[in-house]
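Have a look at the structure below before the remarks.
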Amino acid sequence: MKERRRTHRRAGWLRLRGTTWVALAGLALACPPVQAEPPAAASPVLLLGDSMMRLPGQAMERELARLPGIEAHSFSGIGTGLARLDAFDWLGKIDELCAEHRPKVAVVALGANDRQPMKRDGIGDVVSPGSPEWNEEYAARIGQAMDRLAAGGCERIIWLLLPPMRDSVVDAFAQNVNQAIAAEAARRPGVTAHDFSPLVADRRTGGYTDRIMDPQTAAAIRVRDPDGIHLTPDGARLLALALIREYWP
């Protein structure tokens with residue numbers, strides 16, 4: 001008797017399974033196939049920028065090398081930026097780096113050295129930081145840099161915003177640069193303006209701090225250089241690990 005009940009249950013399940021498969025087959029025929037999104041962790045990765053990228057770029061290059069199938073290359077130009085393309089041609093350097101490494105992803109840090117007068121392209125007059133003319137020209141150069149990276153093969157561009165600065169004048173300039181970066185990134189698909197300030201800022205005020213608590217060890221660590229601008233090796237390590245967790249999970 002028990003065997004007969006088991007047989008009936010099995011037969012009923014088979015009938016249900018057959019009906020379900022017919023329904024699913026009809027649904028599959030009615031619906032178009034879903035297109036898979038491109039992978040976020042593409043390779044090669046290009047890490048480039050001014051002195052703010054030097055230590056983070058090195059840290060990211062080391063950490064990304066541990067991931068299977070990820071190739072990373074870093075370049076930092078100390079004392080360079082977009083304001084003085086006559087001193088260092090970042091747009092030309094982007095073309096050169098893209099031709100050499102054929103990156104699919106770029107992580108960029110530029111702007112920390114750019115609080116200086118700038119000669120406007122095609123006009124020739126010199127404009128001062130903070131003026132509407134300076135802001136317009138600088139935003140155009142950020143957009144050109146993003147477009148050069150995209151034209152060079154980058155499917156994803158992660159542009160790092162500047163963190164809080166110790167000096168109030170420098171911090172105000174950094175926020176001005178961040179607004180331009182965010183605005184230009186919003187106009188371009190595949191470009192992300194990444195704010196890592198919560199990682200290194202004071203947790204209560206969101207402003208500048210020299211030291212924070214290491215989230216892994218709970219020990220106090222110095223994350224900013226004595227100049228009040230750059231990251232320390234510990235700060236660069238935290239940034240590298242946070243970027244990899246978010247973009248290369």
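Readers should treat all values here as calculations from the given coordinates under stated rules, not as data from a laboratory. In this text the structure is predicted, and so the values were computed from the model without any measurement. In this analysis, Cβ positions are derived from the backbone assuming ideal geometry, glycine residues included, and neighbour counts consider all displayed protein chains.
Once backbone amide H atoms are built at 1.01 Å from N, L231 has D225 as its partners under 5 Å, excluding neighbours fewer than 5 places away on the same chain. Diffusion coefficient of region 36-143 by Stokes-Einstein, Kirkwood radius over Cα pairs, 10 °C, 1.306 mPa s: 105 µm²/s. Here region 118-249 is treated with +1 on each Lys and Arg Cβ and -1 on each Asp and Glu Cβ, and its dipole about the Cα centre works out to around 340 debye. I need the shape label for region 53-110. Rule: rounded when a/c is under 1.5, else prolate if a/b > b/c, else oblate, with a, b, c from the alpha carbon gyration tensor. Oblate shape, in that a/c is at least 1.5 and b/c is the bigger or equal ratio.
Once backbone amide H atoms are built at 1.01 Å from N, V191 has I157 as its partners under 5 Å, excluding neighbours fewer than 5 places away on the same chain.
Between rounded, prolate and oblate, where does region 144-186 land on the alpha carbon gyration tensor, with a ≥ b ≥ c its root eigenvalues, rounded for a/c under 1.5, else prolate if a/b exceeds b/c? Write out the running numbers ahead of the final one.
Values: a/c = 3.41, a/b = 2.81, b/c = 1.21.
Since a/c reaches 1.5 and a/b is larger than b/c, the shape of region 144-186 is classed as prolate.
Could you work out the per residue convex hull volume over the alpha carbons of region 171-222, in cubic angstrom?
Working: hull volume 4.8 nm³, N = 52.
It is 92 Å³ per residue.
All C-alpha pair distances within region 142-249, sorted into 10 Å bins from zero, spread as 14, 40, 34, 12, 1 percent across the bins. Taking amide H as placed 1.01 Å from N in the peptide plane, the amide H of A72 sits under 5 Å from that of V45, each at least 5 places away or on another chain. Return a whole-number percent for the relative contact order of region 108-249, with Cα pairs under 8 Å and 6 or more residues apart as the contact set. Reported as a whole number, the value is 18 percent.
Between E61 and E155, the distance separating the two model label sites (each 7 Å from Cα on the Cα→Cβ line) works out to 2.4 nm. Between T217 and E96, the modelled labels are 3.9 nm apart [label points 7 Å from Cα along Cα→Cβ]. Global size of region 81-176: 14.0, 39 Å for Rg and Dmax (C-alpha atoms, Rg to one decimal, Dmax whole).
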